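Take a look at the structure set out below.
The values are calculated or read from the model by the stated rules, or taken from the named source; none is laboratory data. Please read all numbers here as calculations on a predicted model, not as lab measurements. With ideal geometry, Cβ positions are generated from the backbone for all residues, glycine too; neighbour counts draw on all protein chains shown. These accessible areas exclude ligands, DNA and RNA; they are computed on the full protein's heavy atoms, side chains included. Shrake-Rupley method; radii C 1.70, N 1.55, O 1.52, S 1.80 Å.
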Amino acid sequence: MTFQFPIATFRPVSNARQQIVALFPDFGNAAQFQIIQTLQGMQESGWFDQLAGLKLIVPVGDIAEIPADLGQRLPASKLHLLFDEQQCLQADHQARLRHLRSEGLSFMVMPSDAQAEWDGAQNLCYSLQEVLPTGARIRVSGLHRGIHLASGIADSAVFEQMKACGFQWFEGSYPYVPVSAQSQADQSARTRLLKLLGLVARDADTRELEELFRQDPNLSFLLFKLVSSAAFAQMTKVSSLNQAIALIGRRQLQRWLQLLLYASQANQPGSLHPLMPRAAFRAAMMEALVLRSGGSRDAGDSAFMTGMFSLLDVLFGTELEKVLTPLHLEDDVLNALMRREGLLGECLQIAAHADRRWNPHIAQLLQQRELDSTAYYESVQSAFQWVNQVCKEL
């Protein structure tokens with residue numbers, strides 16, 4: 001199978017509350033004209049329209065190769081062009097950037113030792129593959145109106161340091177690094193959620209579900225909040241846990257409980273757990289891939305569950321097999337989670353690559369599933385659209 005467009009991966013960029021605010025596409029070794037062609041194809045398919053509120057941070061290798069009419073080809077308000085500040089030392093490059101800015105495009109600059117004397121570097125991007133350069137904090141704090149990105153954050157300690165330095169946007173592998181000290185409250189709440197998921201999986205009586213909800217006032221409150229939301233708005237007022245469970249339905253209840261596993265941290269009030277958007281993306285991405293492979297609705301549900309559970313070992317800081325034991329999962333789900341086998345296992349590998357740094361293996365996996373670039377980009381778009389929605393609601 002050949003792909004009409006090169007395959008990119010999309011690293012999420014989050015704000016301090018761990019809500020996704022932008023995507024950082026990584027096209028591997030694709031040429032700049034191929035990247036622009038791909039973005040145009042995405043624009044023509046309505047890709048950008050479905051991701052309201054999310055920016056795309058597009059790396060630029062050579063400012064001279066940016067088409068002068070780029071603002072007409074692509075949705076300028078949804079892009080940040082990212083380039084090395086060294087390029088801005090050239091007068092002709094600055095002229096090109098001033099023209100593009102007049103077309104509505106905005107820029108994000110990777111600072112260099114030789115700071116360019118121009119007025120376009122309002123948004124900064126520092127890569128933390130090495131130590132944050134001396135003077136970075138002063139420069140970030142001096143640009144009050146800019147949005148500044150710290151990229152390549154390795155763990156939660158570095159994340160906190162970057163917040164203190166004045167960065168507002170964050171990207172890196174830090175969500176996947178287990179936090180050693182989890183509060184007892186977090187652990188107890190997640191244990192109850194796992195028990196509830198086990199009951200739902202074996203279609204237990206509503207009274208058993210209700211009994212566990214009664215043990216956790218916060219969980220009961222969240223259930224009532226959900227059924228009172230716009231998505232479940234009813235003319236009838238909800239007066240009991242039994243009624244709330246009936247209104248939401250078992251399928252939606254199961255998905256909601258899976259999300260809640262990742263939804264909060266006791267030591268970070270008002271913030272999502274960093275793993276939550278990543279687990280939600282894997283779940284929605286896997287469901288989209290399975291459905292595009294001809295799978296049924298039940299197969300889509302299994303794919304969603306597999307993606308959501310694939311990060312429980314990181315969340316709980318223990319072996320995945322130990323966490324999954326109480327859930328009585330089907331063999332195809334277990335084989336995918338433990339050994340990356342079968343249809344679900346292949347889709348899990350694709351989803352696990354899709355929001356990380358570019359890896360050529362993702363193209364091979366898509367070929368095995370006979371999924372072209374159109375199906376892939378549609379799956380990515382629908383997954384991030386869903387993640388964007390649930391992150392705002394939680």
*Mind listing the long-range amide H neighbours of ALA22? Cut-off is under 5 Å, sequence gap 5 or more, other chains count too, H placed in the peptide plane at 1.01 Å from N.*
VAL13, LYS55
*Would you pull out the residues with amide H under 5 Å of CYS125's amide H, same chain only if 5 or more places away, H placed 1.01 Å from N?*
VAL109, MET110, LEU149
*asked:* Taking just the alpha-carbon atoms of the chain, what radius of gyration and Dmax come out, in angstrom?
replied: 22.4, 73
*Could you work out how far helix 156-165 tilts from the main Cα principal axis of the chain, as a 0 to 90 degree angle to the nearest 10?*
50 degrees
*Among the trypsin sites (Lys or Arg not before Pro) in region 15-90, which ones are in a DSSP loop with at most 16 other Cβ atoms within 10 Å of the Cβ? Mind listing them?*
ARG17
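Can you figure out the FRET efficiency of GLN86 with GLN122, using R₀ = 25 Å and their beta-carbon distance, to the nearest 0.05? Mind dumping the intermediate values first?
Values: r = 18 Å, r/R0 = 0.70.
According to the calculation, E is roughly 0.90.
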*So for region 134-225, Kirkwood radius off the Cα pairs, Stokes-Einstein at 20 °C and 1.002 mPa s: how many µm² s⁻¹?*
128 µm²/s
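Roughly speaking, what is the stretch gain from PHE224 to GLU370, that is 0.36 nm per residue apart minus the C-alpha to C-alpha distance, in nm to one decimal?
Values: separation 146, 0.36 × 146 = 52.56 nm, distance 4.27 nm.
Working it through step by step, the gained length comes to 48.3 nm.
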*How much solvent-accessible surface does GLU211 expose, in Å² to the nearest 10, with a 1.4 Å probe and all protein chains in place?*
100 Å²
*Calculate how steeply helix 184-201 sits against the longest principal axis of the alpha-carbon atoms of the chain, using the helix alpha-carbon long axis, and give the answer as 0 to 90 degrees to the nearest 10.*
70 degrees
*In nanometres, what is the gap between the two model label sites at GLU103 and GLN72, each 7 Å from Cα along Cα-to-Cβ?*
0.9 nm
*Fraction of accessible area attributable to carbon and sulfur, the chain (%, probe 1.4 Å)*: 49 percent
*Would you mind estimating how fast region 75-125 diffuses translationally, via Stokes-Einstein at 10 °C and 1.306 mPa s with the Kirkwood radius over Cα pairs, in µm²/s?*
145 µm²/s
_For q = 0.20 Å⁻¹, Debye-computed log10 I/I(0) when each Cα of region 248-323 counts as one equal scatterer_ = -0.88
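Counting Lys and Arg as +1 and Asp and Glu as -1, what is the net charge of the other residues whose Cβ lies under 12 Å from the Cβ of GLN349? Walk me through the numbers on the way to the answer.
Working: positive: ARG282, ARG339, ARG340, ARG356, ARG369; negative: GLU341, GLU346.
After counting each charged neighbour, the total is +3.
Please compute the per residue accessible area over the chain with all protein chains in place, 1.4 Å probe, rounded to a whole number of Å².
Values: 17930 Å² over 394 residues.
For the chain, the per-residue accessible area is 46 Å².
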*If the cut-off is a Cα-Cα distance under 28 Å, which lysines reach LYS78, setting aside same-chain residues fewer than 8 apart in sequence?*
LYS55, LYS163, LYS392
